[in-house]
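For reference, the structure is listed below as structure tokens.
Please treat every number below as a calculation from the coordinates, not as lab data. Values in this document were obtained by computation on a predicted structure and should not be read as measured data. Here the Cβ positions follow ideal geometry from the backbone for every residue, glycine too, while neighbour counts run over all protein chains shown.
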Amino acid sequence: MSEADKIRVMIVDDVIDTRDQLEKLLFFEKDIEVVAKASNGREAIAFARQYRPQVILMDINMPDMDGIAATEAILTQDPGIQVIIMSVQGETDYIRRAMLAGAREFLIKPISADDLYRSIRHVAKLAAMRPVVAVAGGAAAGAATDGKPSVDGQIFAVFSPKGGVGVSSIAANLAIAIRQQTNKKVALVDGNVIFGDLSVILNLRADKTIVDVAARIEGLDRDLLNDVMATHPTQVKVLLAPPDPQRGEMVTADHIRAILEVLRQEYDYVVVDTPASFQDRSLAALDMAQRIVTLMTLEMHCIRNVKLFLEVADLLSYPSEKVMLVLNKATNRTGIRADEVEKHLQRKLALQIGDAAQDMTLAINQGAPIVMAKPNHQVAKDIMNLARELVAKASKEATAESGAKSRSLFGGLIPRR
């Protein structure tokens, strides 16, 4: 292997023994080369500019300038560098801070050799696959003269910071409910490109998936999307995830942004099944969404994760009305009341969806979403209410925005006295 093909790594840690140990672990890896070692954040910034590493192993706790501040500074000067944060602490607050700084992975010390190799190769692979997305065709046709994209459709991201709370099922049923209520064009995107299962929930074949779009991203337009998307019997168009995780890794956050930009110009409503993660792909969908339907259950670890997400949403400057808290699998048998959760989170629950685990599982196994198979079921009615609430809010905001534009236009034509 030539020197040019090796992954260039810089190690940043204030403990010399740790730096040396990590270097020794990497020494015999033929595809990895340690190009620099830094003892603090400020030195790391200078060395990153001098040695131009592809991957940085960054300790989070260092004197003078910590790893978070150093990561932010380094990525400002070179966004292409992949940072892996290392810490002896595994608390969610540390992970949140690392994510917000732009780190791609988080390793807890002591780090095993296998985890170290895997992480370095993983982030290097992601960087190599990251394209410079130039949306061609008609994709950018809706761009406004002020540089902001014109927003025709509404994007609703269905999300939870904890897995297993029913995000995919609710997203699928929600898209169908919106279609049934409005009879407008509705798209559903399986944003969980690694372990997506909308094809199972909706009983659709995944002949073509989001990977086919990613592979032709420079020619992305509505015709390409329509060719790739599957059509559900309800006429909801579905962009499916690939059947294996390896191909899903090819889809980047830039791909997600470009795809959603075209979809919201083509469809009235776009529902995104968003994975339980704070990584780039999830954040891309959350950033672009007009509403984030944040699902939670009455379990302590889920409530804790939701509280963490609300803090992250504030740090990302999301308006409070953008995040819509919805209680899924609502029941009074957990020992926690909904009003207690509202008090703890200091946020009101917008809606509650009933608990019908057996019926929901049956619907998934049969590939027939509950809003279709059992429209009179209480859970189906709850999801219909959620759809009605989202559409009403979107319509109200669109009307207000249109009125504001009209007032601005005529205000410029009428002379002031």
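Side notes on the structure shown:
- Anisotropy class of segment 3-129 from Cα gyration tensor, a/c 1.5 cut: rounded
- For the chain, built as a Gaussian network whose Cα springs stay under 10 Å, the top-fluctuating residue of 193, 293, 165: 165
- Taking all pairs of distinct alpha-carbon atoms in the chain, Kirkwood radius in angstrom: 23.3 Å
- Of the residues 255, 226, 236, the one whose Cα sits farthest toward the positive end of the charge dipole of segment 223-263, with +1 on the Cβ of Lys and Arg and -1 on the Cβ of Asp and Glu, is 236.
- In terms of packing, defined here as the mean over residues of other Cβ atoms within 10 angstrom, the peptides 308-319, 376-387 line up highest first as 376-387, 308-319.
- Relative contact order %, segment 3-129, counting alpha carbon pairs below 8 Å whose residues are six or more apart: 22 percent
- Shape call, segment 277-370: gyration tensor on alpha carbons, a/c limit 1.5: oblate
- Unit charges on C-beta of K, R, D, E only; dipole of the chain, Debye: 1500 debye
- What you get for segment 292-389, charging only the Cβ of Lys and Arg (+1) and of Asp and Glu (-1), is a dipole of about 100 debye around the Cα centre.
- Cross-link pairs 162/322; 208/307; 307/396; 237/307 - those with Cα-Cα distance over 26 Å: 208/307; 307/396; 237/307
- Computed from backbone phi with θ = phi - 60° and the Karplus coefficients 6.51, -1.76 and 1.60, the 3J(HN,Hα) list for segment 383-388 is 5, 4, 5, 4, 4, 4 Hz; x is used for glycine and proline.
- Once the convex hull of all Cα atoms in segment 208-345 is built, its volume per residue stands at 146 Å³.
- In order through segment 107-116: 3J(HN,Hα) via Karplus (6.51 cos²θ - 1.76 cosθ + 1.60), integer Hz, x for Gly, Pro: 10, 9, 6, x, 9, 6, 4, 5, 5, 5
- Contact order for the chain, expressed relative to its length and based on alpha carbon pairs under 8 Å spaced 6+ residues apart, stands at 14 percent.
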